[in-house]
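J.: One structure is given below, represented as structure tokens, and several questions about it will come after.
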Amino acid sequence: MKRREFIALAGSAAVAWPFIARAQQPPMPVIGFLHSASLEPNAKRLEGFRRGLREAGFVEGQNVAIEFRWAAGQNARLPELAADLIAKPVNVIATLSSTPATRAAKAATSTIPILFLIAEDPVELGLVASLNRPGGNATGISSQNVELVAKRLSLLRELAPQAGNFAALLNSSNPNAKPVSKMLQAAATTLGVKLNVQEASTDAEIEAAFRSLRPGSALLIGTDPSFFARRASLVALAARHAVPAMYDNRESADAGGLMSYGQNTETSWEQAGKYVGRILKGEKPAGLPVVQPTKFEFVINLKTAKALGLEVPPSMQARADEVIE
């Protein structure tokens, strides 16, 4: 081969090599994100999820893609949205703070890994075989809400001891409304209080539930993604009806709710991002234990307490993680 021909051949190979190398690179992994609510109320939580992914070595748009599917409060759409993600296809499905989305994903696939964040017991829901050894294609984070429900009701009674009636508001369209109602009634029995459970899913039904509360009632708002999305309107209704209310998320207390007790959800979403990163690196959900949140927060809004004519004991303020003045 002549020297000139050799140089030409080498040059063409050098030009072609980057294209060949790119063609041989594995495709970017895709996370399917399925949720029963919408983006806007979960935007801050989503920052935590992305932060967790980054800590695991994955940056959206650089070495991982995320396909979002939001049902905007229409749970009936979740099976269709889950099927759409599976058809993409995706490498893992994340269902955070949305038990209906978790159930839809689990019903749709037994092979694609699912990473959930729920308040209920995943064993009772049939999502995993056990907490230590999930055994299937799903794992994640569970707050085991039984203990939290009792704690919320106890704190509500402590802050509003004059309340003659206690009520709980649950989303009737959430498949977990009935088991959660049983949890609440058991907690009420233990605490020695009577509890009236109200179920509602639409704005009109929620407003009707508030109107039906007896004078002097105190209200516990159930854990539900659509209630979280409606937190501003729920806080406004509680203020309008002068009802002391307990919430499961600190964002509601920040928005003017009387008090909240629950997991630091943004931190839990960050933890979920790290767990998704482990799955993307090859670990199987069957061998990844279901974990519990690492942080719980008790928040009291003193301004709201004052508006309701409630005196917050100094001992209770001292136990709070944050007191909003």
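The values are calculated or read from the model by the stated rules, or taken from the named source; none is laboratory data. Small disclaimer: the values here were computed from a predicted structure and weren't measured. A quick note on method: Cβ atoms are made from the backbone with ideal geometry, for glycine too, and the neighbour counts reach across all protein chains shown. These area figures cover heavy atoms from the full protein model, side chains too; ligands, DNA and RNA do not enter into them. Shrake-Rupley method; radii C 1.70, N 1.55, O 1.52, S 1.80 Å.
J.: Could you check how many residues of region 79-94 are open to solvent by less than 50 Å² (accessible area, probe 1.4 Å) and touching a Pro at 6+ places or on another chain (Cβ under 6 Å)?
T.: So the answer is 1.
J.: Residue 204 - would you say it is at pLDDT 90 or above and farther than 14 Å from residue 219 by Cα?
T.: Against the criterion (at pLDDT 90 or above and farther than 14 Å from residue 219 by Cα), residue 204 qualifies.
J.: Hey, another quick one. If a residue has to be without any contact (Cβ under 8 Å) to a residue 60 or more places away in the chain, among the hydrophobic types (A, V, I, L, M, F, W, C), farther than 23 Å from residue 270 by Cβ and outside any loop (DSSP other than H, G, I, E, B) to count, how many in region 74-128 make the cut?
T.: 9
J.: Scan region 216-230 and tell me whether some residue there is open to solvent by 60 Å² or more (accessible area, probe 1.4 Å), touching a Leu at 6+ places or on another chain (Cβ under 8 Å) and outside any helix (DSSP H, G or I).
T.: There is no residue in region 216-230 that is open to solvent by 60 Å² or more (accessible area, probe 1.4 Å), touching a Leu at 6+ places or on another chain (Cβ under 8 Å) and outside any helix (DSSP H, G or I).
J.: When you scan region 130-141, do you find a residue that is aliphatic (A, V, I, L, M), touching a residue at least 40 places away in the same chain (Cβ under 8 Å), farther than 21 Å from residue 39 by Cα and not in a strand (DSSP E or B), even just one?
T.: Yes: one or more hits.
J.: Specify the residue that is surrounded by the most Cβ atoms within 10 Å (Cβ to Cβ); the eligible residues are those in region 281-314 that are assigned to a loop (DSSP other than H, G, I, E, B) and aliphatic (A, V, I, L, M).
T.: 290
J.: For the structure I just gave you, tell me whether residue 192 is on the phi > 0 side of the Ramachandran plot, out of contact with any Ser or Thr (no Cβ under 6 Å at 6 or more places or on another chain) and open to solvent by 50 Å² or more (accessible area, probe 1.4 Å).
T.: Yes.
J.: Also, I was wondering about something else. Checking residue 239 against (1) under 18 Å from residue 139 (Cα atoms); (2) of a type outside the set (S, T, N, Q); (3) outside any loop (DSSP other than H, G, I, E, B), only one condition comes out false. Which one?
T.: So residue 239 meets the others, but not (1).
J.: Still on this model: Sort through 168, 104, 119, 163 and tell me the only one that's buried (at least 22 other Cβ atoms within 10 Å of the Cβ), at pLDDT below 95 and touching a strand residue (DSSP E or B) at 6+ places or on another chain (Cβ under 8 Å).
T.: Just a single option satisfies the conditions, and that option is 119.
J.: Does any residue of region 132-143 turn out to be of a type outside the set (Lys, Arg), surrounded by fewer than 22 Cβ atoms within 10 Å (Cβ to Cβ), more than 22 Å from the chain's Cα centre (by Cα) and closer than 28 Å to residue 267 by Cβ?
T.: Yes, there is a match, as at least one residue in region 132-143 is of a type outside the set (Lys, Arg), surrounded by fewer than 22 Cβ atoms within 10 Å (Cβ to Cβ), more than 22 Å from the chain's Cα centre (by Cα) and closer than 28 Å to residue 267 by Cβ.
J.: Return the total of residues in region 250-280 being open to solvent by less than 10 Å² (accessible area, probe 1.4 Å) and either in a loop (DSSP other than H, G, I, E, B) or farther than 30 Å from residue 60 by Cα (or both).
T.: So the answer is 5.
J.: State which residue is most open to solvent (accessible area, probe 1.4 Å) when the search covers only region 196-215 and only residues that are touching a His at 6+ places or on another chain (Cβ under 8 Å) and under 20 Å from residue 259 (Cβ atoms).
T.: Result: 213.
J.: For residue 74, which of the numbered conditions (1) out of contact with any helix residue (DSSP H, G or I) (no Cβ under 9 Å at 6 or more places or on another chain); (2) open to solvent by less than 70 Å² (accessible area, probe 1.4 Å); (3) within 26 Å of residue 229 (Cα to Cα) fails to hold?
T.: (2)
J.: List the pairs whose first member sits in region 49-70 and is under 19 Å from residue 38 (Cα atoms), whose second member is open to solvent by 50 Å² or more (accessible area, probe 1.4 Å) and assigned to a strand (DSSP E or B), and whose Cβ atoms are under 9 Å apart, counting only residues at least 6 apart or on separate chains?
T.: Taking only residues 6 or more apart or on different chains, the pairs are 50/60; 66/60.
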